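Participant: Attaching a single structure in structure tokens format; questions to follow.
The values are calculated or read from the model by the stated rules, or taken from the named source; none is laboratory data. As the structure is a prediction and not an experimental result, all values here were calculated from the model. As a convention, Cβ positions derive from the backbone with ideal geometry for all residues, glycine included, and neighbour counts pool all protein chains shown. Remember, those area values only see protein heavy atoms, side chains included, never the ligands or the DNA or RNA. Shrake-Rupley method; radii C 1.70, N 1.55, O 1.52, S 1.80 Å.
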Amino acid sequence: MEFSHVSVLLRECIEGLAIRPDGVYVDGTAGGGGHSLEIARRLESGRLIAIDKDEAAIQAAGERLREYACATVVRGDFMDMPALLDEQGVGRVNGILLDLGVSSHQLDTPERGFSYHNDAPLDMRMNRDNSLTAWQVVNQYSIPDLTRILKVYGEEKFAARIAGKIGDARSRKPVETTGELVELIREGIPAAARREGGHPAKRTFQAIRIEVNGELDSLRECLGTMFDRLTAGGRFAVITFHSLEDRMVKQRFAEYCTGCTCPPDFPVCVCGKTPRARLVNRKPITAAPEELAVNSRSKSAKLRVLEKLETQ
């Protein structure tokens with residue numbers, strides 16, 4: 001299947017990065033290369049490093065960017081971005097972009113196991129070289145651990161009931177496919193709740209996918225290490241698709257923007273801390289009605305952009 005992905009908040013991302021023709025930019029989640037292509041088009045003497053862990057994405061991005069000498073496509077996890085940049089001889093960068101959504105290709109390729117609309121083997125790996133799969137999470141994790149993952153990563157209030165249904169089923173035989181898992185999720189959610197808030201399997205599939213791919217760990221690591229690789233005036237743009245990601249980005253960006261942390265009753269500042277960055281937009285940027293009309297997957301997208309202060 002040809003790799004396809006509709007780039008979410010494309011115009012807003014490009015505007016948020018404030019691209020300089022001579023700048024160095026990193027797209028940490030290149031996907032099919034949509035955002036990367038628009039960055040490359042705006043570069044003259046600058047450079048773009050496009051990173052993705054998915055082999056199919058790397059092939060697609062490489063094809064899409066083949067005419068741009070400024071672009072280098074690298075396979076890897078964005079949590080390893082500092083090392084990946086070191087390998088490319090890149091030090092400081094003018095902008096970083098992360099699009100944390102699952103690609104259209106991954107969702108629409110049934111055998112990848114990301115979608116609850118198709119019956120497929122339990123996989124959900126973005127990097128298919130990794131050993132951990134959704135099958136192992138569903139069939140080998142303890143019921144308490146499975147409950148915790150569904151509750152924390154999926155914010156699923158019926159986590160214990162769903163985990164119990166999975167435990168009962170796998171005691172008889174392994175749960176092999178996404179279709180089997182969807183049915184167990186339906187059984188674990190009360191009928192009244194199933195009629196509310198979209199597909200009943202959405203939160204559970206999100207939780208398992210996050211666990212399989214270590215998504216929050218990767219995000220936490222990248223937010224912590226890559227800020228210092230930004231040049232003064234450099235920008236960090238992140239698109240999130242669920243509250244856990246957005247909360248992590250919001251809190252980390254707030255830390256970089258916070259100055260004095262002395263208690264309010266101190267007469268003068270003794271900590272000496274000053275803000276290291278500023279928020280380009282006080283509130284997250286969301287999709288315009290025009291984009292929502294043509295791409296329903298943009299509905300939950302939120303873009304936050306941080307700019308490193310010139311004084312740093």
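Participant: Would you mind checking the tilt of helix 55-64 against the longest principal axis of the Cα atoms of the chain, expressed as 0 to 90 degrees and rounded to 10?
Facilitator: 40
Participant: Among F253, A120, V73, whose Cα projects farthest towards the positive end of the dipole of the chain, with charges put on the beta-carbon of Lys, Arg (+1) and Asp, Glu (-1)?
Facilitator: F253
Participant: Still on this structure, please answer the following. Given a 1.4 Å probe and every protein chain left where it sits, what share in percent of the accessible area of region 28-134 is carbon and sulfur? Before the final figure, lay out the partial values.
Facilitator: Details: 1790 of 4340 Å².
Here it works out to 41 percent.
Participant: If you put +1 on each Lys and Arg Cβ and -1 on each Asp and Glu Cβ, how big is the dipole of the chain around its Cα centre, in Debye rounded to 20?
Facilitator: Numbers: 43 positive and 44 negative charges, 195 e Å.
So the magnitude is around 940 debye.
Participant: Given R₀ = 35 Å, what would the calculated FRET efficiency be for Q251 paired with E111, taking r from the Cβ atoms and rounding to 0.05?
Facilitator: On the way: r = 37 Å, r/R0 = 1.04.
With a Förster radius of 35 Å, E is 0.45.
Participant: Could you check how much of the accessible area of region 236-288 is carbon and sulfur, as a whole percent, using a 1.4 Å probe? Please report the intermediate quantities before stating the final value.
Facilitator: On the way: 1740 of 3120 Å².
It is 56 percent, rounded to a whole number.
Participant: Hey, what angle do you get for helix 202-213 against the long axis of the chain, alpha-carbon based, 0 to 90 degrees rounded to 10?
Facilitator: 60
Participant: Could you work out the relative contact order of region 158-233, using alpha carbon pairs under 8 angstrom and six or more residues apart, expressed as a whole percent?
Facilitator: On the way: 31 pairs, mean separation 18.5, N = 76.
Reported as a whole number, the value is 24 percent.
Participant: Computed over the Cα atoms of region 37-80, what is the convex hull's projected area averaged over all directions, in nm²?
Facilitator: On the way: hull surface 12.0 nm².
Computing the convex hull of the Cα atoms and averaging its projections yields 3.0 nm².
Participant: Would you list, by chain and number, the aspartates and glutamates whose Cα falls below 14 Å from the Cα of K250, excluding same-chain residues fewer than 8 positions away?
Facilitator: Partners found: E307.
Participant: Set Lys and Arg Cβ to +1 and Asp and Glu Cβ to -1, take the dipole of the chain about its Cα centre, and tell me which of A301, T204, F266 lies farthest positive.
Facilitator: The residue sitting most towards the positive pole is F266.
Participant: By how many nm would the segment from K157 to R128 lengthen if fully extended, with 0.36 nm per residue of separation less the alpha-carbon distance? Kindly include the intermediate steps, with their values, before the conclusion.
Facilitator: Details: separation 29, 0.36 × 29 = 10.44 nm, distance 3.03 nm.
Using 0.36 nm per residue and subtracting the Cα-Cα distance, I get 7.4 nm.
Participant: No solvent, one uniform scatterer per C-alpha: report log10 I(q)/I(0) for the chain via the Debye equation at q = 0.08, 0.11, 0.13, 0.15 1/Å, two decimals.
Facilitator: Each listed q maps to, in turn, -0.40, -0.72, -0.96, -1.19.
Participant: List the relative contact order of the chain as a percent without decimals, with contacts defined as Cα pairs under 8 Å and 6+ residues apart. Working shown, then result.
Facilitator: Numbers: 560 pairs, mean separation 55.6, N = 312.
Taking the mean separation of contacting Cα pairs over the length of the chain, I get 18 percent.
Participant: Is there a quick way to get the dipole size of region 208-312? I mean about its Cα centre, with the Cβ of Lys and Arg at +1 and of Asp and Glu at -1; what is the value in debye to the nearest 20?
Facilitator: On the way: 17 positive and 13 negative charges, 43 e Å.
With only Lys, Arg, Asp and Glu charged at Cβ, the dipole is about 200 debye.
Participant: 222 nm [θ] for the chain, helices only, -39500 (n - 2.57) per DSSP H run of 4+, per residue, to 500?
Facilitator: Numbers: 14 runs with 129 residues, N = 312.
Taken over the chain, the calculation gives -12000 deg cm²/dmol.
Participant: Against the longest alpha carbon principal axis of the chain, how many degrees, from 0 to 90 and to the nearest 10, is the axis of helix 243-257 turned?
Facilitator: 20
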